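Q: Take this structure, written in structure tokens, and hold onto it; I'll ask about it next.
The values are calculated or read from the model by the stated rules, or taken from the named source; none is laboratory data. Everything quoted here is computed from the prediction, not taken from an experiment. All Cβ positions, glycine included, derive from the backbone under ideal geometry; neighbour counts span all protein chains shown. Just the protein is used for accessible areas: all its heavy atoms, side chains included, with ligands, DNA and RNA removed. Shrake-Rupley method; radii C 1.70, N 1.55, O 1.52, S 1.80 Å.
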Amino acid sequence: MATKSKIEWTDVTWNPVTGCTKISSGCKNCYAERMAKRLQAMGQARYKDGFRLKLHHDLIKEPLKWKKSRIVFVNSMSDLFHEDIPFSFIQEIFSTIENSPHHIFQILTKRSKRLLELSTSLFWPENLWMGVSVEDESVVYRVEDLSSVPSQVRFISCEPLIGPLERLPLDNINWVILGGESGPGARPMERQWVNSILQQCRKKKVPFFFKQWGGTRKKAAGRSLNGRTYNELPVLEAAG
């Protein structure tokens, strides 16, 4: 089952896994956790256990039914490389991606060590974009791990950006997304952090997507940076 997404850089979400556990400071105010608890309270069957990790085997082949081409964010409500997800399940997800070449699939993980460990045992379809979340300097190693993964498109999501990132290793990166934290207890994002990352992307000719300033009233804060919006995407030739 696909869900039309409000995320600016994708079309729909596909969640064959729901639930997760926190591993770094970027997880503190997890949007997916808040949403899962809300859906649990609404009586949604797939969220009867709230944010506990759950595999939905019946959704593995769902994208094969979609005829219209879409950009698909995989597991917006979880992390495909969570340590409790069997390798065989990950293989099945990759197989569905391979057999749906008319779609583009985006996978984002904070568990870059497991991603790197498993990467040589997976087949990497050209329509798969692989990314890591990098919220502050303590987890920049995730970019280094990603750089060694044989994905055609590799991207970084600096969201929620909660600290400066002055030396991002962008040599093998095809795209950077950046956004501030939103919702209750949102931590502030400094304009100088944002402009620094923008300039690093410009220097390395990496497409830059500015998603939001965030805050407790993210719609009011908007997504304009220096008087314009940045909606850049990876150069598609890099994926084919």
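Q: Work out the charge dipole of segment 83-240 with +1 on the Cβ of Lys and Arg and -1 on the Cβ of Asp and Glu about the Cα centre, then indicate which of Ser133, Leu225, Ser196 is farthest towards its positive end.
A: Of Ser133, Leu225, Ser196, it is Leu225.
Q: To continue, here is another question. Would you grab the residues whose amide H sits under 5 Å from the one on Gly215? Only those 5+ places off in sequence or on another chain, please, with H modelled 1.01 Å from N.
A: Hits under the 5 Å cutoff: Glu181, Ser182, Gly183.
Q: Taking only the alpha-carbon positions of segment 1-118 and ignoring solvent, what does the Debye formula give for the base-10 log of I(q)/I(0) at q = 0.09, 0.10, 0.14 Å⁻¹?
A: Reported log10 I(q)/I(0), two decimals: -0.23, -0.29, -0.58.
Q: Quick one: 3J(HN,Hα) in Hz for segment 217-229, Karplus 6.51/-1.76/1.60 with θ = phi - 60°, rounded, Gly and Pro as x.
A: 10, 5, 5, 5, 5, x, 9, 8, 10, 6, x, 8, 9
Q: Next question, about the same structure. Ratio of Rg to Rh for the chain, alpha carbon only, Kirkwood?
A: 0.94
Q: Ok, one more. Quantify how much of the Cα-Cα distance distribution of segment 23-87 extends past 18 Å, in percent. Intermediate results must be reported in sequence, preceding the final value.
A: Values: 1001 of 2080 pairs.
Here the tail beyond 18 Å accounts for 48 percent of pairs.
Q: Among DSSP bridges having both ends in segment 1-84, what percentage is antiparallel? Round to the nearest 5. Provide the component values of the computation, followed by the final result.
A: Working: 5 of 8 bridges.
Counting DSSP beta bridges with both partners in segment 1-84, the antiparallel share is about 60 percent.
Q: State the Cα centre-to-centre distance between segment 11-40 and segment 117-194 in whole Å.
A: The two parts, judged by their Cα centres, are 17 Å apart.
Q: Can you list the residues, at least 5 places off or on another chain, whose amide H is less than 5 Å from the amide H of Ser157, using H built in the peptide plane?
A: The answer is Val132, Ser133, Val134, Ile177.
Q: Given a 1.4 Å probe, how much area per residue of segment 72-179 is accessible, in Å²? Intermediate values should be presented prior to the final figure.
A: Details: 3580 Å² over 108 residues.
That works out to 33 Å² per residue.
Q: Mean-square fluctuation check for the chain, GNM, Cα pairs under 10 Å: which of Arg142, Arg111, Arg167 is largest?
A: Of Arg142, Arg111, Arg167, the most mobile in the Gaussian network model is Arg167.
Q: Right, next: Leaving ligands, DNA and RNA out of it, report the carbon-plus-sulfur percent of the accessible area of the chain at a 1.4 Å probe. Write down the numbers at each step before the final one.
A: Details: 5780 of 11470 Å².
Ligands and nucleic acids excluded, carbon and sulfur reach 50 percent.
Q: Sticking with this one: Search the structure for amide H atoms under 5 Å from the amide H of Cys20, placed 1.01 Å from N in the peptide plane, and list their residues when 5 or more places away or on another chain.
A: Leu53
Q: Next up: Do any chymotrypsin sites (Phe, Trp or Tyr not before Pro) in segment 58-131 lie in a loop, going by DSSP, with at most 14 other beta-carbon atoms within 10 Å of their beta carbon, and if so which? Let's see the in-between values first.
A: Numbers: sites: Trp66, Phe73, Phe81, Phe87, Phe89, Phe94, Phe105, Phe123, Trp129; in loops: Trp66, Phe81, Phe123.
Sparse-neighbourhood loop chymotrypsin sites (Phe, Trp or Tyr not before Pro): Phe123.
Q: Over the Cα atoms, compute the radius of gyration (one decimal) and Dmax (the largest Cα-Cα distance, rounded to a whole number) for segment 93-214, in Å.
A: Radius of gyration, then largest Cα-Cα span, for segment 93-214: 14.7, 43 Å.
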